[in-house]
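Scroll down for the structure; my scribbles are underneath it.
The values are calculated or read from the model by the stated rules, or taken from the named source; none is laboratory data. Since we're looking at a predicted model, the values are computed, not measured. Quick reminder, even Gly has a Cβ in these numbers, built from the backbone with ideal geometry, and neighbours come from all protein chains shown.
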Amino acid sequence: GAVVSQHPSRVICKSGTSVKIECRSLDFQATTMFWYRQFPKQSLMLMATSNEGSKATYEQGVEKDKFLINHASLTLSTLTVTSAHPEDSSFYICSASRDGWELFFGEGSRLTVL
Amino acid sequence: AQTVTQSQPEMSVQEAETVTLSCTYDTSESDYYLFWYKQPPSRQMILVIRQEAYKQQNATENRFSVNFQKAAKSFSLKISDSQLGDAAMYFCATGGSQGNLIFGKGTKLSVKP
């Protein structure tokens, strides 16, 4: 079956630095990918929709200058958390869409900002 | 705007018994899907079952079935013959035509041996 891979699975960084998380569709082309954020013991919150070759669409309340999304190819979307602070520590999950309604989730990336 | 409400933060079921998880939703989309996802401690999201809103017939997937009441905007999940491996967080979700999902707060299911 289709696989979506995220890297890194865990990352620890210092406050003020930037961190990049990659989301790859391994065996299909994904014109659309989605980024979610999940705080401990909470639900997944949609952050943005990443469209190949165009700007990402951000959900209300998500700072686009802080969470930079790039979807440069049909198999890769990246989320960069810029000038990270402890409150950005969270679990970030991507999903990729194949043929519209077939959605596949990555394994998630745990970000800890010290 | 879309919202998903799961009113049961935690549920418990005896192994081999049946349990039903509740979900209600609201959406302005005319074409939408409804989903149940399972999230075990590994945090990997696993699709349990999916329902197209335009289909009246309830979706089933082995031991998992849904009761979809479109007029009431209700989408409950029934797990039959519960197994220890079913223990996890269960999230109900709805998505519009683009495929972006809105999730409920989740129900933590425990299975007692």
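What to note about this one:
- Options A:Thr57, A:Thr78, A:Thr49; residue that is within 14 Å of the chain's Cα centre (by Cα), more than 18 Å from A:Val4 (Cα to Cα) and polar (S, T, N, Q): A:Thr57
- Qualifying residue in the stretch A:89-107 (condition: touching a Cys at 6+ places or on another chain (Cβ under 6 Å), buried (at least 20 other Cβ atoms within 10 Å of the Cβ), in a strand (DSSP E or B) and not polar (S, T, N, Q)): yes
- Residues that are within 9 Å of chain B (Cβ to nearest Cβ) and among the polar types (S, T, N, Q) were ranked within the stretch A:38-55; the one that is farthest from B:Phe103 (Cα to Cα) is A:Thr49.
Yes/no matrix, rows are residues, columns are (1) surrounded by fewer than 20 Cβ atoms within 10 Å (Cβ to Cβ); (2) among the aromatic types (Phe, Trp, Tyr); (3) under 13 Å from the mean Cα position of the chain (by Cα); (4) modelled with pLDDT under 95:
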| position | (1), (2), (3), (4) |
| --- | --- |
| B:Ser7 | yes, no, yes, no |
| B:Thr20 | yes, no, yes, no |
| B:Gln39 | no, no, yes, no |
| B:Gln56 | yes, no, no, yes |
| B:Val66 | no, no, yes, no |
| B:Ser76 | yes, no, yes, no |
| B:Ser97 | yes, no, no, yes |
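- Within the stretch B:55-112, if we keep just the residues that are touching a Pro at 6+ places or on another chain (Cβ under 8 Å) and of a type in the set (Lys, Arg), the residue that is farthest from the other protein chains (Cβ to nearest Cβ) turns out to be B:Lys108.
- Residue count for the stretch B:22-34, restricted to those that are more than 8 Å from every other protein chain (Cβ to nearest Cβ) and under 14 Å from the mean Cα position of the chain (by Cα): 5.
- Scanning the stretch A:22-34 for residues that are assigned to a strand (DSSP E or B), more than 10 Å from chain B (Cβ to nearest Cβ) and of a type outside the set (Lys, Arg) yields A:Glu22, A:Cys23, A:Ser25.
- Scanning the stretch A:56-69 for residues that are closer than 15 Å to A:Tyr92 by Cβ and within 9 Å of another protein chain (Cβ to nearest Cβ) yields one hit, A:Glu59.
- Inter-residue pairs, beta-carbon under 7 Å, first of a type in the set (D, E, K, R) and in the stretch A:12-33, second part of a loop (DSSP other than H, G, I, E, B) and surrounded by fewer than 20 Cβ atoms within 10 Å (Cβ to Cβ), 6+ apart: A:Lys14/A:Leu114; A:Arg24/A:Thr75; A:Asp27/A:Ala2; A:Asp27/A:Val3
- Of the residues making up the stretch A:40-60, those that are assigned to a strand (DSSP E or B) and not small (Gly, Ala, Ser) are A:Leu44, A:Met45, A:Leu46, A:Met47, A:Thr49, A:Asn51, A:Thr57, A:Tyr58.
- Matching residues in the stretch A:61-88 - criterion: being outside any strand (DSSP E or B), at pLDDT 95 or above and among the polar types (S, T, N, Q): A:Thr82, A:Ser83
- Filtering the stretch A:81-114 to residues that are over 10 Å from the mean Cα position of the chain (by Cα), within 14 Å of chain B (Cβ to nearest Cβ) and not small (Gly, Ala, Ser) leaves A:Arg98, A:Asp99, A:Trp101, A:Glu102, A:Leu103, A:Phe104, A:Phe105, A:Glu107, A:Arg110, A:Leu111.
- Among the numbered conditions (1) in contact with a strand residue (DSSP E or B) (Cβ under 9 Å, 6 or more places away or on another chain); (2) farther than 17 Å from B:Ile102 by Cβ; (3) not basic (Lys, Arg), the only one that B:Leu34 does not meet is (2).
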